[in-house]
Amino acid sequence: MRRAIAAIISITIFVILTYFFMMGTAPINYTTGGHYVNPIDHEHSNQSVPQQYLKDSKKDTGASNVVTAIVVEYRGFDTLGEVTVLFTAATGLALLVEELKRKSMPKENPNFIVKIGSVVVLPFIVVVGTYIFIHGHLTPGGGFPGGAVIASGFLLLLLVQTNKGLPEKKLSATESVAGMTYALIGLLGLVLANEFLQNYLPLGTFTYLFSAGIIPLIYVAIGFKVGSELGGILHNLKGVHEE
Amino acid sequence: MMIFTVISWILAVLVIAPAIYAVESKDLLSAAIAAGFADLAAAILFLVLQAPDVAITQAAIGAGITLAVFVYAIRRTERWEK
């Protein structure tokens, strides 16, 4: 019964998305050669690709960090693929170490200096990681570095709580919600702006926190996803002590 | 320009020497730590070469998480290479 419902839901979503793809895509003119407009031989540009990115990214995306503009806006679909690769790696590792996790590890006592030091350092690590991914469209950094910094905070937590792991269910719930948020933001672009991951929010004032449309939203989602995924990998590798 | 060249050479040595040690060493734990040190030097090199985005990621992933993954793997297997 549940499988039938799931099949019906997925077929419905597939049909709707196909419809929007057909509606959204402009008719392709094959006579000019190529499936897409390559910036190299764009008609109103005699510039090289990097110069065009540097010149146009402010107008197109409103992000002051050009790297983020390319990663999330121009090449947003590739970034979705990268996130999927990381998700697949984390899932595969969880499957592989499932048996090892049940083997109980010897009981260890945490190092005193690490234990006291973590109390001082951990809040700063989490704040810096959050800063990096929230300001991804303004300053160097973004979802992947911010999530990695937060995951190193998780690592410190694992080193201190030697006989406990991380809350696994909360981590995987965070990861799923963040991944679905990314996909949903992209699908809303398909509905509202006719293209997957197209920007449909106002660009706002340049260099302000609330600017650049959907880029900050996507980077917050990626930050949560990468942080919880890498934390889950570390938790799985460490194994849980059983009394 | 002179200082930039000197710093680049020092950092290049700091990347390559631990990397060679990590390949040659029979003690896998110290090899993992040497690899982490090479990653840290590479992160500083990226910062010198004006790629702060990559430097942040390299410092967090390379020097932090990869090292922990290696150490956890060594704890589950064996420390000495045969």
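The values are calculated or read from the model by the stated rules, or taken from the named source; none is laboratory data. The model shown is predicted, which means the values in this text are computed figures rather than measured ones. Cβ placement follows ideal geometry from the backbone for every residue including glycine, while neighbour counts extend to all protein chains displayed.
Per-structure values
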| read-out | value |
| --- | --- |
| Residue within region B:56-68 that is touching a strand residue (DSSP E or B) at 6+ places or on another chain (Cβ under 9 Å) and modelled with pLDDT under 90 present | no |
| Among residues of region B:69-82, those that are touching a strand residue (DSSP E or B) at 6+ places or on another chain (Cβ under 8 Å) and small (Gly, Ala, Ser), counted | 0 |
| Residues located in region B:32-48, provided they are in contact (Cβ under 8 Å) with a residue 12 or more places away in the chain and out of contact with any Leu (no Cβ under 9 Å at 6 or more places or on another chain) | B:Ala34, B:Ala43, B:Phe46 |
| Single residue of A:Gly186, A:Gly223, A:Gly179 found to be within 14 Å of chain B (Cβ to nearest Cβ), crowded, with 18+ Cβ neighbours inside 10 Å and not basic (Lys, Arg) | A:Gly223 |
| Residues (within 13 Å of another protein chain (Cβ to nearest Cβ) and outside any helix (DSSP H, G or I)) located in region A:64-103 | A:Asn65, A:Val97, A:Lys103 |
| Residue check, B:Ala73 of a type in the set (A, V, I, L, M) and buried (at least 17 other Cβ atoms within 10 Å of the Cβ) | no |
| Tally, over region A:144-176, of residues that are under 20 Å from the mean Cα position of the chain (by Cα), among the hydrophobic types (A, V, I, L, M, F, W, C) and more than 10 Å from chain B (Cβ to nearest Cβ) | 2 |
| Count of region A:30-67 residues which are among the hydrophobic types (A, V, I, L, M, F, W, C) and modelled with pLDDT under 75 | 3 |
| Lone unmet requirement of (1) in contact with a Leu (Cβ under 8 Å, 6 or more places away or on another chain); (2) within 14 Å of chain B (Cβ to nearest Cβ) for A:Gly141 | (1) |
| Breaking point among (1) over 28 Å from A:Val66 (Cβ atoms); (2) buried (at least 18 other Cβ atoms within 10 Å of the Cβ), for B:Ile10 | (2) |
| Any pair with Cβ under 6 angstrom, 6 or more apart, that starts in region B:60-77 at a residue that is more than 10 Å from every other protein chain (Cβ to nearest Cβ) and touching a residue at least 12 places away in the same chain (Cβ under 8 Å) and ends at one that is of a type in the set (Lys, Arg) and buried (at least 19 other Cβ atoms within 10 Å of the Cβ) | none |
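Every residue, every condition in (1) modelled with pLDDT of 85 or more; (2) more than 25 Å from A:Ala63 (Cβ to Cβ), yes or no:
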{"residue": "A:Glu108", "(1), (2)": "no, yes"}
{"residue": "A:Val119", "(1), (2)": "yes, yes"}
{"residue": "A:Phe124", "(1), (2)": "yes, yes"}
{"residue": "A:Val127", "(1), (2)": "yes, no"}
{"residue": "A:His135", "(1), (2)": "yes, no"}
{"residue": "A:Gly141", "(1), (2)": "no, no"}
{"residue": "A:Gly147", "(1), (2)": "yes, no"}
{"residue": "A:Leu156", "(1), (2)": "yes, yes"}
